[in-house]
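Enquirer: Have a look at this one before I ask anything.
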Amino acid sequence: MRLKLIVALVSDDKTDVVMDAARAGGATGATIISSVRGEGLRPGTTFFGLRLEGMRDMLLFLVLETRARDILERIQDAARLDTEHGAGIAFQLDIEDAVGLVTQLPTIQEELEHDL
C-alpha cells in the first residue's frame, strides 16, 4: 500500500473546512497541531513588538497515494490557498512505511479496492 503525507498549514479558523474537504476526498483522519507559527516573504505586522497575526494549525493527513492529489486540491479550494494572501500552504510527501493504522485499515483497504 502506497501512502502520502499531506501537510496543511492554515489559520485556525480554516481548520474545520480543511478537515471537511479532506474527509470528502477520502482522508480517514488527521493529526492537528495547534498554535504553530509561520512567516512568508514579508514579516508579519507587529504592535510594540507583539505579532498581530492569527494562530495557525498544522494538519497531517496520511492518505492513499491514489487519493492524495484530489485531497490536496480539495484542501486548496476549501482554504483558498491560491486566491487569498497568507491563507497558508499544503504539500504532500512520500511515506516509505507506516504502523499504527489498524483501526483505519478496513476503510483504507475498501478505498484501495474501489480505486482499482
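Enquirer: Each label point is 7 Å from the Cα along the Cα-to-Cβ direction; what then is the distance between the points at Arg23 and His114, in nm?
Expert: Output for this residue pair reads 1.5 nm.
Enquirer: So how do Thr15, Thr66 rank on accessible area, 1.4 Å probe, biggest first, that is with the largest at the start? Write out the running numbers ahead of the final one.
Expert: Details: Thr15 10, Thr66 90 Å².
Putting Thr15, Thr66 in descending order of accessible area: Thr66, Thr15.
Enquirer: Counting only the heavy atoms of the protein chains, how much of Phe91 is accessible to a 1.4 Å probe, in Å² to the nearest 10?
Expert: Roughly 80 Å² of Phe91 is accessible to a 1.4 Å probe.
Enquirer: Taking a ≥ b ≥ c as the square roots of the eigenvalues of the Cα gyration tensor of the range 65-116, is the shape rounded (a/c under 1.5), prolate (a/b larger than b/c) or oblate?
Expert: Values: a/c = 2.81, a/b = 2.06, b/c = 1.36.
Judged from the Cα gyration tensor, the range 65-116 comes out prolate (a/c at least 1.5, a/b above b/c).
Enquirer: Under a plain spin-label model, where a point goes 7 Å from the Cα along Cα-to-Cβ, how far apart in nm are Ser34 and Phe91?
Expert: 2.7
The values are calculated or read from the model by the stated rules, or taken from the named source; none is laboratory data. This one's a predicted model, so the numbers in the text were calculated from it and none came from an experiment. Note that each Cβ is placed from the backbone with ideal geometry, even for glycine, and that neighbours are counted across all protein chains shown. Areas reflect the complete protein model, heavy atoms only, side chains present, ligands, DNA and RNA absent. Shrake-Rupley method; radii C 1.70, N 1.55, O 1.52, S 1.80 Å.
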